[in-house]
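Below is one structure, written out as structure tokens; comments come after it.
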Amino acid sequence: MGYLSESKLFQDFTPEEMREMEQRTTMRTCPPGRVFYRAGDPGETLYILKEGIVHLYRLAPDGRKLIVATLGKGTIFGEMALIGQGMHNTFAEAATDARICIMSRTEVEYLLLNKPQMALRMLAIIGERLRQTEEQLEQIAFGSVSSRLANRLLELGGHSRTVEGYTHQELAEMIGTYRETVTATLNDFKAQGLIAIGRKHIEILDRPALEALAVTG
């Protein structure tokens, strides 16, 4: 099976259908910092992330980034502009070296009409992404910086004790604050024995305490 099989969007495709789709799509390798689209751009492409990390973000009036999604292997992006909206409402940028599969609007529309299960899965992906964005905006509106940062560290770490590959600037952009504030808050967490800090490496030492902080702030 090829690269499209790694995305849940295509999980019910037969091997023959998968091969046909891969012949009708394009794979590209992109460096960190590559911007795939900007807010307000028309949406003509669906992107499937084969390798790497991509940030979806919005810009505040003062130019600060607010990262609304951090995408990894097998995820899609650009779908919102293909279904009803017509244009992108976020920026999409490669945070690391990335390999991207590109599918045209025509191909996507054909698949959605002929593969009802794929249409349902895309709606589920859109719904989940909207839910995550709403939760993030609620945290920014009502949660303290400590609560938001604890929450994000737990999310990024998942079931692991480590958070790898993120700068203090990126963490700040994920929770809607400044780099200096994130650095000070991380040092406070470290002083409390909640985490250990290295270069682009954070180890969670006391998960229960961090979980409590995420709730109470």
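Comparison of Gly63, Gly33, Gly43 shows that the only residue that is under 23 Å from Ala172 (Cβ atoms) and either in contact with a His (Cβ under 8 Å, 6 or more places away or on another chain) or free of Cβ contacts under 8 Å to residues at least 24 places away in the same chain (or both) is Gly63.
Anything in region 99-109 that is surrounded by fewer than 18 Cβ atoms within 10 Å (Cβ to Cβ) and of a type in the set (Val, Ile, Thr)? List them, or say none.
Here is the first cut: in region 99-109, the ones surrounded by fewer than 18 Cβ atoms within 10 Å (Cβ to Cβ) are 99, 102, 104-107, 109.
Ile102, Thr106 - these are the residues of region 99-109 that are surrounded by fewer than 18 Cβ atoms within 10 Å (Cβ to Cβ) and of a type in the set (Val, Ile, Thr).
From the list Leu130, Leu111, exactly one residue is at pLDDT below 90, within 16 Å of Met21 (Cβ to Cβ) and out of contact with any strand residue (DSSP E or B) (no Cβ under 6 Å at 6 or more places or on another chain). Which is it? Break it down stepwise before answering.
Values: Leu130 fails: within 16 Å of Met21 (Cβ to Cβ).
Every option except Leu111 fails the conditions.
Of all residues in region 46-67, those satisfying the criterion of being within 16 Å of Met80 (Cα to Cα) and in contact with a helix residue (DSSP H, G or I) (Cβ under 7 Å, 6 or more places away or on another chain) are Leu46, Ile48, Tyr57. The residues of region 47-67 include none that are at pLDDT below 90 and buried (at least 21 other Cβ atoms within 10 Å of the Cβ). Starting from residues that are in contact (Cβ under 8 Å) with a residue 60 or more places away in the chain, farther than 15 Å from Val182 by Cα and not aliphatic (A, V, I, L, M), keep the ones in region 110-163 and report whichever is surrounded by the fewest Cβ atoms within 10 Å (Cβ to Cβ). Of everything passing the filter in region 110-163, Gln117 is surrounded by the fewest Cβ atoms within 10 Å (Cβ to Cβ). One residue alone among Glu6, Glu44, Glu17 is touching a Gly at 6+ places or on another chain (Cβ under 6 Å), charged (D, E, K, R) and surrounded by fewer than 19 Cβ atoms within 10 Å (Cβ to Cβ), and that residue is Glu6. Look at (1) in the same structural domain as Glu51 (by TED's automatic domain parsing); (2) within 22 Å of Leu194 (Cβ to Cβ); (3) modelled with pLDDT of 85 or more and you find that Gly158 fails only one, number (1).
Entry remark, region 169-217: residues being surrounded by 14 or more Cβ atoms within 10 Å (Cβ to Cβ), part of a strand (DSSP E or B) and in contact (Cβ under 8 Å) with a residue 12 or more places away in the chain number 4 in total.
The values are calculated or read from the model by the stated rules, or taken from the named source; none is laboratory data. Computed from a predicted model, the values in this text were never measured in an experiment. Using ideal geometry, Cβ is built from the backbone for each residue, glycine included, and neighbour counts are taken over all protein chains shown.
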